[in-house]
Structure formats: structure tokens, C-alpha cells
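Written below as C-alpha cells is the structure these notes are about.
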Amino acid sequence: MSSLTFNKYIPLTERESGEKAYPIWLLINPKYPTVVHDIWRHVLDVIQDKVYRELHTRIDTTNIYVRSAVSDCGIVPNTLNWWGNEVATEIKLFRAIILEHNPKILISFGAFPHEFVRRVYEITPKKGPKYWAASILKDEFELSVEKFDINTTNRIPLLRRVIESDKFLETSNYFSRSTSEKYFHHVGTMIAEKILENKDSLNNLWIN
């Protein structure tokens, strides 16, 4: 793995890393910090490849902002109604940070971070984390890309894990790839296309 792709992407030992001024943010469940390695780095490989082929440069990921949705694994809820005061406080805090910095792309990983973001933006009806099955999150991803608007923060949900027995894309174009490879290629390509379409609005994204 080249340093251009990997940069500072290692499992987090602290609440946050990177710079809030960076246009792409990653939001994770503190129970599963390895999504940065297990999911994001593979998606990023696809993005970087597509970007390089078109622009002959790469995205500078050195200062990408990575944050745990909450600071304590013990307050991560697993039902619809049990979202304690601590989580409500975290939602208010993140809402203030979002409003101040206005990232262009906010990528969440898995059910809880996605529902957390929905509550940050006061999207109703509220759902329990168990509602967000992999198939529903995939639909949410497709919708988020379809409605992509560089003038606002685009909320893009990715899966926390890809199960090899999962049915993702049933197409002969992908017959030689594993389920995870199909997923990484699909979402990475779609994100890359939106980045490339809006490259002139993302001046601080590129390696000089």
C-alpha cells in the first residue's frame, strides 16, 4: 500500500484525528475503529485510481478528519428509544461542529453512525440502529449519491462490514470479483465520479 493512499489511516486511539477544515470527513462507531482500515482504505484505493487516471494527481488524505460519533463505547445505543442524555449531548456537539465547518462529504460507517447523522440533521422518523440492515444502507448510499450537491454537506453511508454471502451486484461484469471487491469498486467509483464532477470546488483536496 503506497503512502499516498494510506497516509494516517490506522485504527484510532483518540476521539478524533485530522483537520476539520478538510472537505471529507469520516464518522465511525467507537466500537469498530478498524472500519478505517477494513472498509475505507479499500474504497479510497478505488477513488485514488479513478482520480489519477483522469487528473494525473491524487487526493491528499494527510489531514482528513476522522471522528468517533461518541466518545464512549458504553453509550452507543442499540434500540430505537434508548438514546440517553449523553448521546443527545454528542448530537448537539457534532451539529455545532458541522455548522461551523461545513464539510463537503460526510461518510459514515454502519448503522449507528448513519442514524447519528440523521439525528444531527433532525431527519424523521427516527430509527433504531437495528433498522439499518445492509440492504437498506446500500439503498441510502445510492440515494445520497443521486442527490449529491457540492453546495451542502453530502451525507454518504457506507457499510461497516461486507459479508461475502451478501448479494450486492448481480451482474456478469463483476463475476470474477468477491462480494467485498464488488462493493469497494462500486461505492469507490461512484464517490470518485462526484469528486471529479466537482473538482473545481475542492481546491484544497489535491496533492500539489
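The values are calculated or read from the model by the stated rules, or taken from the named source; none is laboratory data. Note that the structure is a prediction, hence the values are computed from the model and not measured. Here the Cβ positions follow ideal geometry from the backbone for every residue, glycine too, while neighbour counts run over all protein chains shown.
Values as computed for the structure displayed
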{"read-out": "Scan of region 51-74 for residues that are surrounded by 23 or more Cβ atoms within 10 Å (Cβ to Cβ) and out of contact with any strand residue (DSSP E or B) (no Cβ under 9 Å at 6 or more places or on another chain), ordered by number", "value": "Val70"}
{"read-out": "Residues that are at pLDDT 95 or above, outside any loop (DSSP other than H, G, I, E, B) and among the aromatic types (Phe, Trp, Tyr), drawn from region 113-149", "value": "Phe116, Phe141"}
{"read-out": "Members of region 17-34 that are closer than 24 Å to Ile195 by Cα and either in a loop (DSSP other than H, G, I, E, B) or at pLDDT below 95 (or both)", "value": "Ser17, Gly18, Glu19, Lys20, Ala21, Tyr22, Pro23"}
{"read-out": "All positions within region 99-112 that are aliphatic (A, V, I, L, M), in a helix (DSSP H, G or I) and either within 22 Å of Leu137 (Cα to Cα) or in contact with a Leu (Cβ under 7 Å, 6 or more places away or on another chain) (or both)", "value": "Ala111"}
{"read-out": "Lys130 being in contact with a strand residue (DSSP E or B) (Cβ under 9 Å, 6 or more places away or on another chain) and exposed (fewer than 14 other Cβ atoms within 10 Å of the Cβ)", "value": "no"}
{"read-out": "Residue satisfying condition, being touching a residue at least 40 places away in the same chain (Cβ under 8 Å) and within 20 Å of Asn208 (Cβ to Cβ), within set Ala21, Ala69", "value": "Ala21"}
{"read-out": "Selection from region 78-110 of residues that are touching a helix residue (DSSP H, G or I) at 6+ places or on another chain (Cβ under 6 Å), crowded, with 16+ Cβ neighbours inside 10 Å and at pLDDT below 95", "value": "Val87"}
{"read-out": "Qualifying residue in region 107-115 (condition: over 24 Å from Tyr22 (Cβ atoms) and touching a Ser or Thr at 6+ places or on another chain (Cβ under 8 Å))", "value": "no"}
{"read-out": "Filter result for Gly110 (within 17 Å of Trp40 (Cα to Cα) and either small (Gly, Ala, Ser) or free of Cβ contacts under 8 Å to residues at least 24 places away in the same chain (or both))", "value": "yes"}
{"read-out": "Test set (1) of a type in the set (Phe, Trp, Tyr); (2) modelled with pLDDT of 95 or more; (3) touching a Pro at 6+ places or on another chain (Cβ under 9 Å) - Tyr52 fails condition number", "value": "(3)"}
{"read-out": "Which numbered condition Trp82 misses (of (1) part of a loop (DSSP other than H, G, I, E, B); (2) free of Cβ contacts under 8 Å to residues at least 24 places away in the same chain; (3) in contact with a strand residue (DSSP E or B) (Cβ under 7 Å, 6 or more places away or on another chain))", "value": "(3)"}
